[in-house]
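Asks: Following this message is one structure expressed as structure tokens.
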Amino acid sequence: MKIFRFVLAVLLFSLSVNVLAQPASEAEIEARAKEIGRSLRCVVCQNQSIDESDAPLAADMRTLVRERLRAGDSNVQITQFMRERYGDFVLLKPPLQRNTYILWFAPAAVLGGVFIWYGLRSRRKRAGSAFTPLSSAAQKRFDALMDEDKKIR
Amino acid sequence: MKFTLKGLLPLLVFIAIGTAFAVGLTKDPRQLPPQLIDRPFPVFSLPALDDAQRMVDESLLLGRVSLVNVFGSWCVACEFEHPVLMKLAAQGEVFLLGIDWRDTRENAQIWLARRGNPYGEIVFDEHSKLAVDLGVTGAPETFIVDKKGQIRYKHIGPMSDEIWTDVLRPLVQNLESEP
């Protein structure tokens, strides 16, 4: 058990050292730059990401993203960097914050509302159509009629 | 005929959508929220346009009110505002810093030689380094920077005589009286 623990500690340690010491490989930077580029809006053409846009500014922004990745910035730091300069607008996916609650939750709320309304309505309908039991006099008369019917057959 | 809430529902939905559009469509999607207002001018170190060896940084904005103008020889709208800048330069009311953005030195110098150079200093921002730090989305853009080096106003698009006299000049005069 002790040996297992020791091995685990060594493994974890080497893992963390790897993450800290090794500069990100070019392939990794490329992949992360793509990922970030797809999430940032090209502020010139507006409905394209900087990854797909041909605008010169988008090209410069792509270069900038790669430079910052090489310098060791995290993806979040880079997105934050762009947000400080261009505002939330630069993010293609709106962040979840107070002024976007309506945007994020309205569809679910409307859908939920419709479900609840529909459920209540159908329940009310079912309750309305349920038959009321016969009064005892009526029941007696009904039984008599049924007996008579049987005799005739 | 009975008026019920249910019957009014389509009308209410129409009014709601109509109001949303009426407000939303009057907003220009190109006008991005200016992030940098009342924040210090970004730190930069870029070569001057006339001399690649001479580096210019943000310290030249300190101690005076400046008008920072992003332009380029490729920029058509810049030609429109250029006479306004020339007039400002002649009056000497404010220090003009030009940012020559995504340009070649040669083209920029020809452009300025032909039309005149209104700028007190021009930095050469070939790869949008300073432009991105300023949140620039297109040229021309104009910033007013106070004596402490803080951005106080941003104007997107070409500057006209009216914009200078009605908006920018009062602001500049105000900032002049600040310590």
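The values are calculated or read from the model by the stated rules, or taken from the named source; none is laboratory data. Please read all numbers here as calculations on a predicted model, not as lab measurements. Every residue, glycine among them, receives a Cβ derived from its backbone with ideal geometry; neighbour counts consider all protein chains shown.
Asks: If we keep just the residues of the stretch A:72-102 that are surrounded by 11 or more Cβ atoms within 10 Å (Cβ to Cβ) and aliphatic (A, V, I, L, M), which is farthest from the other protein chains (Cβ to nearest Cβ)?
Replies: Only one residue fits best here, namely A:92.
Asks: I'd like the full set of residues that are under 20 Å from residue B:145 (Cβ atoms) and either touching a helix residue (DSSP H, G or I) at 6+ places or on another chain (Cβ under 6 Å) or not hydrophobic (A, V, I, L, M, F, W, C) (or both), limited to the stretch B:73-83.
Replies: Of the residues in the stretch B:73-83, the ones under 20 Å from residue B:145 (Cβ atoms) are B:78, B:81.
B:81, the sole residue that qualifies.
Asks: Quick check on this structure: which one of A:144, A:127, A:138 is at pLDDT below 85, among the aliphatic types (A, V, I, L, M) and either farther than 30 Å from residue A:42 by Cα or in the same structural domain as residue A:35 (by TED's automatic domain parsing) (or both)? Can you show your working first?
Replies: Working: A:144 fails: at pLDDT below 85; A:138 fails: at pLDDT below 85.
None of the other options fit; the residue is A:127.
Asks: Test residue B:27 against the stated conditions and say whether it is outside any helix (DSSP H, G or I), surrounded by fewer than 10 Cβ atoms within 10 Å (Cβ to Cβ) and at pLDDT below 95. Talk me through it step by step, then tell me what you get.
Replies: Details: outside any helix (DSSP H, G or I): yes; surrounded by fewer than 10 Cβ atoms within 10 Å (Cβ to Cβ): yes; at pLDDT below 95: yes.
Taking the combined requirement at face value, the residue satisfies it.
Asks: Follow-up. Quick one: is residue A:64 touching a Phe, Trp or Tyr at 6+ places or on another chain (Cβ under 9 Å), assigned to a helix (DSSP H, G or I) and either not assigned by TED's automatic domain parsing to the domain that holds residue A:87 or not acidic (Asp, Glu) (or both)? Don't jump to the end; show me each part of the working.
Replies: Numbers: touching a Phe, Trp or Tyr at 6+ places or on another chain (Cβ under 9 Å): yes; assigned to a helix (DSSP H, G or I): yes; either not assigned by TED's automatic domain parsing to the domain that holds residue A:87 or not acidic (Asp, Glu) (or both): yes.
Considered against the rule, which asks whether it is touching a Phe, Trp or Tyr at 6+ places or on another chain (Cβ under 9 Å), assigned to a helix (DSSP H, G or I) and either not assigned by TED's automatic domain parsing to the domain that holds residue A:87 or not acidic (Asp, Glu) (or both), residue A:64 comes out as yes.
Asks: Using the structure shown, decide if residue B:164 is over 27 Å from residue A:84 (Cβ atoms), crowded, with 20+ Cβ neighbours inside 10 Å and out of contact with any Phe, Trp or Tyr (no Cβ under 9 Å at 6 or more places or on another chain). Break it down stepwise before answering.
Replies: Working: over 27 Å from residue A:84 (Cβ atoms): yes; crowded, with 20+ Cβ neighbours inside 10 Å: yes; out of contact with any Phe, Trp or Tyr (no Cβ under 9 Å at 6 or more places or on another chain): yes.
When the stated conditions are applied, residue B:164 passes them.
Asks: Considering only helices (runs of 4 or more DSSP H) fully contained in the stretch B:66-139, which possess at least 1 residues that are away from chain A (no Cβ under 14 Å), among the polar types (S, T, N, Q) and at negative phi? Steps first, answer last, please.
Replies: Details: elements: B:76-91, B:105-115, B:129-133.
Once the helices (runs of 4 or more DSSP H) in the stretch B:66-139 are filtered for at least 1 residues that are away from chain A (no Cβ under 14 Å), among the polar types (S, T, N, Q) and at negative phi, what remains is B:76-91, B:105-115.
Asks: Moving on to the next point. For the stretch B:140-168, enumerate the residues that are farther than 30 Å from residue A:47 by Cα and assigned to a strand (DSSP E or B). Explain how you work it out, then say what you get.
Replies: The first filter runs over the stretch B:140-168 and keeps only residues farther than 30 Å from residue A:47 by Cα, leaving B:145-150, B:161-162, B:164-168.
Answer for the stretch B:140-168, where residues must be farther than 30 Å from residue A:47 by Cα and assigned to a strand (DSSP E or B): B:145, B:150.
Asks: For the stretch B:50-78, give me each residue that is surrounded by fewer than 14 Cβ atoms within 10 Å (Cβ to Cβ) and not acidic (Asp, Glu). Spell out how you get there, then give the answer.
Replies: If we filter the stretch B:50-78 for residues that are surrounded by fewer than 14 Cβ atoms within 10 Å (Cβ to Cβ), which is where we start, we get B:51-55, B:57, B:59, B:62-63, B:76.
Correct list: B:52, B:53, B:54, B:55, B:59, B:62, B:63, B:76.
Asks: Hey, another quick one. For residue B:173, work out the one condition from (1) within 12 Å of chain A (Cβ to nearest Cβ); (2) part of a helix (DSSP H, G or I) it doesn't fulfil.
Replies: (1)
Asks: Scan the stretch A:34-71 residue by residue and report those that are touching a residue at least 40 places away in the same chain (Cβ under 8 Å) and either more than 11 Å from chain B (Cβ to nearest Cβ) or out of contact with any strand residue (DSSP E or B) (no Cβ under 8 Å at 6 or more places or on another chain) (or both). Outline the logic, then answer.
Replies: So in the stretch A:34-71, the residues touching a residue at least 40 places away in the same chain (Cβ under 8 Å) come out as A:35-36, A:38-41, A:43, A:49, A:69-70.
Passing the criteria: A:35, A:36, A:38, A:39, A:40, A:43, A:49, A:69, A:70.
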